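Reviewing the structure listed below.
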Amino acid sequence: MTDPSLPADVAALRAQLERANRAYYELDAPEISDEEYDRLFRRLQALETAHPDLDHPDSPTHRVGGAPAEFLPKATHAQPMLSLDNAFTDEELRAWHERMTRVDGRAAAAALAVEVKIDGAALALTYQDGVLVRAVTRGNGTIGEDVTGNMRTLPDIPLRLAGADWPTLLEVRGEVYIPRRAFAKVNAAREARGEDPLSNPRNAAAGALRALDPAEARRRRLRFFAYQLLVLEGGPPPTSHHAGLDTLAAWGFPVESHRTVLPGLEEVLAFTADWSERIRTLEFDADGLVVKVDDVRLQQELGVVGGRIPRWAIARKFAAESAFTQLLDIEVNIGRTGALAPTAILAPVRVGGAMVSRATLHNEEIIAARDIRIGDVVEVIRAGDVIPKVLGPDRSRRTGAEQPWVAPDTCPFSGTPLVKPEGEVNRYCPDPHCPGRAFEAMVHFVSRAGLDIAGLGPERLRQLLTAGLIRNAGDLYTLTAAQLIPLERFADTAANALIEAIAASRQKPLHSLLVALGIRHVGSAAAKLLARRFGSMAALRMASPESIEALDGVGPAISQSLQEFFGDPVHAALLDELARHEVAQHEAVEGPVDGPRPFEGRIVVLTGTLPTLSRGRATELIERAGGTVKSSVSGKTSLVVAGSEAGDKLAKAEALGVPVIDEAELLRQLGPGA
Ligand code: IVH
């Protein structure tokens, strides 16, 4: 008897998987973890196998990946790019081996190749007479996108094969990835430009592969590992998988080094045993190991299951560490940007070697989509040192007492009605002075990215706020050790150390303060540009939007955001207070005093309004470079720097034949330190 709710369950699973596929493949913005995706996928697969009447050729279980991007030319693969089945346990690995052996008895004693499963984006490279002619993404497995232009910029990919004895037509398959450290750098650079960070190396790689602008592809520091050689014409196929990899290495391809060939399954089980930990120590993200029948002819005989996965290979995956615990409550926080941030309050549980009692629930849509209810037993994961996440509920353990969660309509901190912008998954508190936001803003202000006040983290800040000692970041500078000592966990030394750290932060450069203030779009790169040009907070606050936008690398978004920030009375009061306490108000002129002095002996006259430099700042820069600034033009004047509305001085310079330059030329002559 078929359970009457089954068709609806199957439809819901398909919808969830379709949505996850789209988010992952087409938007490069995954919404659910791989573990959860795998779990949903397997559940659907199991239901379809048990109830063939519910199966459908359009089901996501019959497809590989998502639709190719619209904008890149499409290309058909010479042979489909397959996907791998997963084994999460030794038992599943044994089951795979048995299945294979049932199909062809020779598999029982076949040598197995084991290698790392690189977590990036698959790529197929075609070489004709040893020359790279085409690079195609996996796409849906049959049709991918032609990304030859982008891939030519990738140093790991040979444009011409080394040696000479290659088949006339061959395909090299492999994985494009971004090493962890490179990924961290890419994100640091993005944040410095005020761009959103990329979610993980795999999606960053997949996005870069298909970037329409090869410069963006290059910026992401892509790397490549080859994992398969296909001979299409003019030569014998490699006899074994490992020989194919050796050949690829000889032709100049990077091949991941942790590869081996083992005599059989028992050796594979022994080999994979210590990899669940080891896999995390690689320089790139890897989501498991791949076990393959080494003999290429046997591979061909074993063939493909369901048009989608090779019978002769399997991915041995190691799930991120997870644990089940009860969701006691959902606490609502407000992030620095005002976004509602639901946080799970959990019955404390050990995950990945640490006790976890709070975890992120991302946003209300995810809570609804995963049907997470208060009282549920939920699965929590913690991978590496990332913030713990709630994956989803174990519905089989429901008692009926679980309560669905309803997002609040008003901000719990400011009482303001929350707004949900069209198309966004989050609600926002629109009140810029919301105490919830203010707290997060202060956490950011003192953090390493901001003024870096040692010993002042979220807990201490909350303590100071609760004690009524501070209301905003400016108040920090009025604190005394005597006020702190009576507080809990504040011995004399701790109190004095904190006061000293706060005082020391006053010497920070202006650009650090600009970042600490958390002004929208002002990341560290923009902050440095602004601080260098304007020199002081006072000058920046007075600067016109035009003079800000005239800076190379500073657009209208930054300028407008600054105007909004400065124009807000509460922020203005904070800035006044920080100025009164002389907190990070100035930017030192860069470059050593004994560095090059390109203006040595030159007499310079400034006239008109320069697009970005104030007169004081321009004078300072010229004097640093060894020049002298005079107010009137004479026969001794070496140079006139003219801005808009330059009057008599410009005319006089022209009459005397004194060279006239604009600000851009001045900055060029001053050199990179200016
Ligand atoms: S073999 C027919 N080897 O994993 C064999 N794949 O889930 C199919 N991958 O699309 C691929 N490292 O992009 C193979 N050492 C490796 C791999 C690997 C990463 C990726 C590949 C494939 C996906 C399958």
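The values are calculated or read from the model by the stated rules, or taken from the named source; none is laboratory data. Because the structure is a prediction, the values reported are computed rather than measured. Note that each Cβ is placed from the backbone with ideal geometry, even for glycine, and that neighbours are counted across all protein chains shown.
A few notes on this one:
- Members of segment 8-55 that are aliphatic (A, V, I, L, M), part of a helix (DSSP H, G or I) and modelled with pLDDT under 80: ALA20, ALA23
- Filter result for VAL419 (aliphatic (A, V, I, L, M) and within 30 Å of PHE324 (Cβ to Cβ)): no
- Applying the criterion of being in contact with a helix residue (DSSP H, G or I) (Cβ under 9 Å, 6 or more places away or on another chain) and assigned to a strand (DSSP E or B) to the residues of segment 317-337, the residue that is nearest to the ligand (Cβ to nearest atom) is SER322.
- Residue within segment 394-401 that is crowded, with 19+ Cβ neighbours inside 10 Å and either touching a residue at least 12 places away in the same chain (Cβ under 8 Å) or part of a strand (DSSP E or B) (or both) present: no
- Residue list for segment 199-242, restricted to those being more than 15 Å from the ligand (Cβ to nearest atom), of a type in the set (D, E, K, R) and within 30 Å of TRP312 (Cα to Cα): GLU233
- Consider segment 236-275 and keep the residues that are among the hydroxyl-bearing types (Ser, Thr, Tyr) and under 16 Å from GLU115 (Cβ atoms). The one that is nearest to the chain's Cα centre (by Cα) is SER257.
- Residue list for segment 363-385, filter: within 24 Å of PHE318 (Cβ to Cβ) and surrounded by 12 or more Cβ atoms within 10 Å (Cβ to Cβ): ARG370, VAL377, VAL378, GLU379, VAL380, ILE381, ARG382, ALA383
- In this structure, LEU269 does not qualify as in contact with a His (Cβ under 6 Å, 6 or more places away or on another chain), surrounded by 14 or more Cβ atoms within 10 Å (Cβ to Cβ), of a type outside the set (Val, Ile, Thr) and farther than 14 Å from PRO158 by Cβ.
- Look at (1) touching a residue at least 60 places away in the same chain (Cβ under 8 Å); (2) farther than 24 Å from THR89 by Cβ and you find that LEU265 fails only one, number (2).
- Entirely in segment 451-553, the helices (runs of 4 or more DSSP H) that have 3 or more residues that are among the hydrophobic types (A, V, I, L, M, F, W, C): 458-466, 481-484, 492-504, 510-516, 524-534, 537-542
- Qualifying residue in segment 301-308 (condition: in contact (Cβ under 8 Å) with a residue 40 or more places away in the chain, crowded, with 19+ Cβ neighbours inside 10 Å and in a strand (DSSP E or B)): no
- Scanning segment 115-131 for residues that are part of a strand (DSSP E or B), more than 11 Å from the ligand (Cβ to nearest atom) and under 22 Å from HIS241 (Cα atoms) yields LEU125, THR126, TYR127, GLN128.
- Within segment 619-642, the set of residues being small (Gly, Ala, Ser) and either over 44 Å from the mean Cα position of the chain (by Cα) or surrounded by fewer than 19 Cβ atoms within 10 Å (Cβ to Cβ) (or both) comprises GLY626, GLY627, SER631, SER632, SER634, GLY635, SER638.
- Check on LEU610, farther than 19 Å from LEU530 by Cβ and surrounded by 18 or more Cβ atoms within 10 Å (Cβ to Cβ): no
- Test: residue in segment 505-527 that is touching a His at 6+ places or on another chain (Cβ under 6 Å), closer than 28 Å to PRO435 by Cβ and touching a residue at least 24 places away in the same chain (Cβ under 8 Å): yes
- Test: VAL349 is in contact (Cβ under 8 Å) with a residue 12 or more places away in the chain and within 30 Å of TYR227 (Cβ to Cβ): no
- All positions within segment 104-114 that are away from the ligand (no atom under 16 Å from the Cβ) and assigned to a helix (DSSP H, G or I): GLY105, ARG106, ALA108, ALA109
Conditions tested, residue by residue: (1) touching a residue at least 60 places away in the same chain (Cβ under 8 Å); (2) among the hydrophobic types (A, V, I, L, M, F, W, C); (3) away from the ligand (no atom under 12 Å from the Cβ).
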site	(1), (2), (3)
GLY244	no, no, no
TRP251	yes, yes, yes
LEU298	yes, yes, yes
PRO310	yes, no, no
ALA315	yes, yes, no
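- Checking LYS652 against (1) touching a residue at least 24 places away in the same chain (Cβ under 8 Å); (2) surrounded by 15 or more Cβ atoms within 10 Å (Cβ to Cβ), the condition it does not meet: (1)
- Restricting the first member to segment 75-86 and to residues that are closer than 22 Å to LYS117 by Cα, and the second to residues that are at pLDDT below 95 and more than 12 Å from the ligand (Cβ to nearest atom), the beta-carbon pairs closer than 7 Å and six or more apart or on different chains are HIS77/THR142; PRO80/THR142.
- Residues in segment 136-176 that are farther than 16 Å from ALA250 by Cβ, assigned to a strand (DSSP E or B), more than 15 Å from the ligand (Cβ to nearest atom) and not aliphatic (A, V, I, L, M): ASP146 alone.
- Selected residue [of a type outside the set (Ser, Thr, Tyr) and within 11 Å of the ligand (Cβ to nearest atom)] from ALA286, ALA273: ALA286
- Number of the exception - ARG102 against (1) modelled with pLDDT of 75 or more; (2) basic (Lys, Arg); (3) surrounded by 14 or more Cβ atoms within 10 Å (Cβ to Cβ): (3)
- Some residue of segment 262-283 being among the hydroxyl-bearing types (Ser, Thr, Tyr) and under 21 Å from TYR177 (Cα atoms): yes
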